[in-house]
Amino acid sequence: MPYFVLLFKILIFCVTAIATRGTLPRYRFDQFTQLNWKHFIYIWLGFLMFSILFTTFFI
């Protein structure tokens, strides 16, 4: 029985990976770095500010 659970988890992971790879656009390296600088830098800065405020007030 544990083997079936493991096989089911592997199947779910494989289906999710294949579906994700098939539906999302593929970025070239220069497009990915431009995307990082335009969008992800603000997400990272927001998370950094959240982390600093969280550790300051709650820890």
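Tabulated data for the structure shown
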item: Selected residue (criterion: modelled with the lowest pLDDT) from residues of region 3-23 that are of a type in the set (Val, Ile, Thr) and under 14 Å from the mean Cα position of the chain (by Cα); result: Thr20
item: The one condition in (1) surrounded by 10 or more Cβ atoms within 10 Å (Cβ to Cβ); (2) more than 15 Å from the chain's Cα centre (by Cα); (3) not hydrophobic (A, V, I, L, M, F, W, C) that Thr56 fails to fulfil; result: (1)
item: Matching residues in region 24-53 - criterion: being modelled with pLDDT under 90 and among the polar types (S, T, N, Q); result: Gln31, Thr33, Gln34, Asn36
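The values are calculated or read from the model by the stated rules, or taken from the named source; none is laboratory data. Only a predicted model underlies this, so the values are computations on that prediction, with no experimental measurement involved. So basically every Cβ, Gly included, is an ideal-geometry build from the backbone, and we count neighbours across all protein chains shown.
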